[in-house]
1. Using +1 on the beta carbon of Lys and Arg, -1 on that of Asp and Glu, and nothing else charged, what's the dipole of the chain about the Cα centre, debye to 20?
2. Across region 9-20, in residue order, what do the Karplus-derived ³J(HN,Hα) couplings come to in whole Hz, using 6.51 cos²θ - 1.76 cosθ + 1.60 with θ = phi - 60° and x for Gly and Pro?
3. Please compute the per residue accessible area over the chain with all protein chains in place, 1.4 Å probe, rounded to a whole number of Å².
4. In nm, to one decimal, how far is the modelled label at LYS39 from the one at GLU156, with both set 7 Å along Cα→Cβ?
5. Ignoring ligands, DNA and RNA, what percent of the accessible area of the chain is carbon or sulfur (1.4 Å)?
6. How high is the FRET efficiency between GLU6 and GLN29 when r is their beta carbon distance and R₀ equals 25 Å, given to the nearest 0.05?
7. Please list HIS126, HIS94 in order of solvent-accessible area, largest first, computed with a 1.4 Å probe with all protein chains present.
8. In what sequence, largest accessible area first, do LYS12, LYS122 appear using a 1.4 Å probe?
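The values are calculated or read from the model by the stated rules, or taken from the named source; none is laboratory data. Values in this document were obtained by computation on a predicted structure and should not be read as measured data. We place every Cβ from the backbone using ideal geometry, glycine too, and count neighbours over all the protein chains shown. Note: accessible area is taken over every heavy atom of the protein model, side chains too, but ligands, DNA and RNA are not part of it. Shrake-Rupley method; radii C 1.70, N 1.55, O 1.52, S 1.80 Å.
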Amino acid sequence: MFLIPESFWEIKKTKSKGRGVFAMKPIGQGSLIGDYVGKLVHLNDVDFDKEKKKLYLMYYNDEFGIYPNLKKPSVHLINHSCSPNCWIIRYKDHTIVFALKNIDKGDELTISYLLPPKMNCKPCSHKCFCKSKSCTGSMHLTEGGYKKWQDFQDKEKKKGKYKKINNENILKPLAKYPKTISKSYILKINNLKIM
Ligand SMILES: [Zn+2]
């Protein structure tokens, strides 16, 4: 689900990446874009060869992914980039998408899919067409980048209590969301230099 008002975003076709989400108004750094609500599935239960839905499987943690409701346009339509202008933060056991940078009107909103290194992905359908200067041609993180992200997640996890989750859990919208994401979290993400 989107957390920014409808007047701020639109869904448009892109040249090589299917649909994408575009800003209709400037979006300030730290603004909340959306919440990745949906069904939690254990990654061991996902048939990565067969399921089409897997394309929209969102990172939740090392064990679980989130399947969104595909009937509604939402943050699952945000494409991957090697130089993303959005990122995620864990908030009350949810995965919240926020603006990592100031986003101009007309810009495509992009995120890193934070996919683990390529090793087990053959044939790999995660080619990247973001065309940014730092494009690696793949949506997979490098081993070093993935390790950095995992270590960061572990550190964040230690600070807060995470609820136990199981396969049937549905992430429903929260009653309340923070207004913006703190500058210190944004700084931490930028300093990680994952991408
Ligand atoms: Zn790229």
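1. Dipole of the chain, to the nearest 20 debye: 280 debye.
2. Calculated HN-Hα couplings, in order: 9, 9, 9, 9, 6, 9, 5, 10, 10, x, 7, x Hz.
3. 59
4. 2.6
5. 54
6. My answer for the efficiency is 0.75.
7. Details: HIS126 40, HIS94 10 Å².
Greatest to least solvent exposure: HIS126, HIS94.
8. Largest to smallest exposure gives the sequence LYS122, LYS12.
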